Amino acid sequence: MAGIEVTTLHKRYPDGTVAVEHVDLSIGDGELFVMLGPSGCGKTTTLRAIAGLERQTSGDIHIGDTLVNDLSPGERDIAMVFQFYALYPHLRTRDNLAFPLRAEGLPKAEVEERVAEAARLMRLGELLDRRPHRLSGGEQQRVALARALVRRPRAFLMDEPLTNLDAELRADMRTEIKHLQGELGTTMVYVTHDQVEAMSLGHRIAILNKGRVEQIGTPLEVYDRPASLFCAAFIGSPPMNLIEVEVADGKLRSKSGLALTPPPNVPRDRSLVAGVRPEALEVTEPGAEGSVPARVVSAEWLGDEIIYVVDHGDQRDVRVRMEPTVRFAADAPVGLRHTGGPPPVYDVSTEELVA
Amino acid sequence: MAVSVDKAVSPGPVRDHRPPGRRRRGRGRVVIEVAVLAVLAAVMLFPVLWMIETSIKENRDVYAIPAKFFDFTITLDHFKDVFVASGGGPTTLSGSFLNSVVVAGVSTVLATVLGVPAAWAYSRFSVKAKKDQLFFILSTRFMPPVVVVIPIFLMYRQVGLFDTKLGLILIYTAFNVPFTIWMMKGFVDEVPAEYEDAAMLDGYTRLQAFWKFTLPLLLPGIAATAVFALIFSWNEFVFAIFLTSSDAVRTAPPAIAGLIGGTTVDWGLVAAASIVFALPVLVFSYLVRKHLVAGVTLGAVRR
């Protein structure tokens, strides 16, 4: 087991596209570290560089104390699980698991013992004598995971391993992976574009955009205080409402007059945007105390909650998350008020968190 | 008894809801279709049938007027004449067939050995100006061979490749490599790169990963591509007639064409030689027919 250090990673392809602009990561020993970002943000390229499948243009990668820049993937002592499971099609499950061990030249008895252990951990049992084409997607994924852990590598690299599964199975596998990682205590780097996956799995999350790291933090940190406008708009479903505000008589006020509790040390000399979570707003009867007049544009009944889209006279409509019992008709005149604590505030021009 | 969810929501067996009249019309249509297709097939296949007939007729039946369709004596003498000279020993025609086998076989093997790794590289690696390179490779197939035959002829005469099997092998390889690269790139694209990634993480080098995991999955594609290349080289006529002059080097297509001319034409011999020439292509096409279709429709459906 080992931590992973990525310093000033840069990857530029021969055709000129820059996949990774500048990435620094410090992944702790035994940590489940998630890289999250939209497609083309460089997360997979970073992962493949850690694996040794791509050679970085510049920058260093350490796994444990070893500088692995010039090591081949096989010498890095890591295991990877792919979105497409890449089980060898001509081998039965048992041999798929044993394959990397035989490649290492381990004695037969130990190979069998390790395969049995991995099969027990992933509950493969009767699947051991089947070939990949006779396994369902979920089963293939379990075999792929077992094949990764049979090696007892220093780190697991996961490249969107659950994307091809259906929603229900995905939730199950998520729990399974998290449980497994906790039990084995092996460092795991997990790449995904699914924020729910990232939030529920990660000890820490790195949000990547355009080949740069926008923010690294625990799921709660990332949710509560997104480090940039990009993160604010990326995390959360629906994402944060970005409301242009000014500081006026000790409050943050939007153009519509909506008042927000200001965080300490708000700079006064810049144009500001406040990031307000949908659950930090409230739709009220018109004229309720502290509310501004507004109008319901539409409502999405999701069963356990209602998402109201509300026009409060600002450029952009805001989304408000309400209890399913609070019902307003579309087009109804309502009030809108802020109920949460001080929201994070961003500078419009630099798009960075300022307070 | 409990009803499973699947059963409860299944729409039940699909019934034929068409009215009976409609079905009868369907059957009538089939009859017409078969009849039309049979006539078309007879027209299209007539030259082939006539060739087969001619090859097994005795000479006086071949030249008989009016032509004899059915009542002729069957003989295999013409086929014997293709291979065995009148005084015993092999004919020059049989030598030409051997030349064809050597030239087509070697050029196909060369094109495959060069083209498959190139296709793999173009599929897997990020190469500078990849699209332009691939277009350039394809563009060498744009012009008809006859356009370049004279410059090639002059060059070959200079470097001593004129009237050699090596010369033919080289030119056929040059024409088949672009085709192999394009065709095989499609097949390589279909094999997920993750197999190689996984093998590399298991400790293999990239080339080993290609050799051990990707190549076996490519074999059907390679077979189909090689058969196409083989058929091209086997059938090629223009270069063969321009770039050879001696019977020792001449391949079958110009040799068979050479049988026609002179004062009398031994049509039986021409037909028999043509059938012998056409057979290998038919057999190979039959063997790889599934892959030929796969090759043609490749990429039509995305994964």
*Check residue A:241: other-chain or 5+ apart residues with amide H under 5 Å from its amide H, H built from backbone geometry?*
A:276, A:277
_Long-range amide H partners of residue A:158 with built H, under 5 Å_ = A:81, A:189, A:190, A:191
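Okay, helix-only estimate at 222 nm for chain A: each DSSP H run of n ≥ 4 adds -39500 (n - 2.57), divide by all residues, round to 500 deg cm²/dmol; what do you get?
Rounded to the nearest 500, it is -7000 deg cm²/dmol.
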*Pull up the cross-link candidates among the lysines for residue B:128, meaning alpha carbon to alpha carbon under 16 Å and not fewer than 8 places away within one chain.*
A:11
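For the range A:4-230, what is the relative contact order in percent, using Cα pairs closer than 8 Å and at least 6 residues apart in sequence? Could you put the intermediate results ahead of the total?
Values: 412 pairs, mean separation 67.3, N = 227.
In percent, rounded to a whole number, it is 30.
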_Running a GNM on chain A with Cα contacts under 10 Å, which residue among A:51, A:167, A:227 ends up with the highest mean-square fluctuation?_
A:167
*Convert each backbone phi in the range A:60-70 into a coupling constant with the Karplus relation 6.51 cos²θ - 1.76 cosθ + 1.60 (shift: θ = phi - 60°), then list the ³J(HN,Hα) values in order as whole Hz, x for Gly and Pro.*
10, 10, 10, 10, x, 9, 8, 7, 9, 3, 9
*Most fluctuating residue of A:342, A:89, A:238 in a GNM of chain A with Cα springs under 10 Å: which is it?*
A:89
*Please turn the phi angles of the range B:77-82 into ³J(HN,Hα) values with the Karplus equation 6.51 cos²θ - 1.76 cosθ + 1.60 (θ = phi - 60°), one per residue in order, whole Hz, x for glycine and proline.*
4, 4, 5, 5, 4, 4
*asked:* If I histogram all Cα-Cα distances within the range B:24-83 using bins 5 Å wide from 0, what percent of pairs lands in each bin?
replied: 4, 16, 18, 15, 12, 10, 8, 7, 5, 3, 1, 0
*Give the long-range amide H neighbours of residue A:215: residues separated by 5 or more places, or on another chain, with amide H under 5 Å away, using H modelled in the peptide plane at 1.01 Å from N.*
A:207
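So what is Rg over Rh here for the range B:64-181, counting just Cα atoms and using Kirkwood for Rh? Write down the numbers at each step before the final one.
On the way: Rg = 21.6 Å, Rh = 18.1 Å.
In the range B:64-181, Rg relative to Rh is 1.19.
Assign one of three labels to the range B:105-154, namely rounded, prolate or oblate, based on the Cα gyration tensor with a ≥ b ≥ c the square roots of its eigenvalues; rounded applies when a/c is under 1.5, prolate when it is not and a/b is larger than b/c, and oblate otherwise.
Details: a/c = 3.40, a/b = 1.48, b/c = 2.30.
Cα axes put the range B:105-154 in the oblate bin.
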_Shape metrics for chain B, restricted to C-alpha atoms - Rg then Dmax, Å_ = 26.5, 91
*Counting only DSSP beta bridges with both residues in the range A:146-260, tell me the antiparallel percent, nearest 5.*
70
*May I ask which of B:131/B:185; B:130/B:185; A:43/A:210 have a Cα-Cα span longer than 18 Å here?*
none
*Which of A:54, A:113, A:126 moves most in a GNM of chain A, Cα contacts under 10 Å?*
A:126
*Is the shape of the range A:239-347 rounded, prolate or oblate, going by the alpha carbon gyration tensor and its root eigenvalues a ≥ b ≥ c, with a/c under 1.5 for rounded and a/b larger than b/c for prolate?*
prolate
*asked:* To check you understand DSSP bridge types, tell me what percent of the beta bridges within the protein assembly as shown (both residues inside) are antiparallel, rounded to 5.
replied: 75
*Along its principal axes, what span do the Cα atoms of chain A show, with the longest given first and each in whole Å?*
78, 44, 36
*Which whole-Hz couplings ³J(HN,Hα) result when phi for each residue of the range A:291-307 is put into the Karplus expression 6.51 cos²θ - 1.76 cosθ + 1.60, θ = phi - 60°, listed in order with x for Gly and Pro?*
9, 10, x, 8, 9, 6, 8, 7, 9, 10, 7, 9, x, 8, 7, 10, 9
_For q = 0.05 Å⁻¹, Debye-computed log10 I/I(0) when each Cα of the protein assembly as shown counts as one equal scatterer_ = -0.44
*Only Cα pairs under 8 Å and at least 6 apart count here; give the relative contact order of the range A:241-332 as a rounded whole percent.*
25
*Unit charges at the beta carbon, dipole of the protein assembly as shown: most positive-side option, A:237, B:198, A:90*: A:90
*How would you rank A:41, A:231, going from fewest to most other Cβ atoms within 10 Å of each one's own Cβ?*
A:41, A:231
*asked:* Within a 10 angstrom radius of the beta carbon, how do A:191, B:84, B:30 rank from fewest other beta carbons to most?
replied: B:30, B:84, A:191
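What is chain B's relative contact order, in percent, from Cα pairs under 8 angstrom and six or more apart in sequence?
27 percent.
Coordinate-derived values only; no laboratory data. What you see is a predicted model; the values in this text were computed from it and never measured. Positions of Cβ are backbone-derived with ideal geometry, glycine not excepted, and every protein chain shown enters the neighbour counts.
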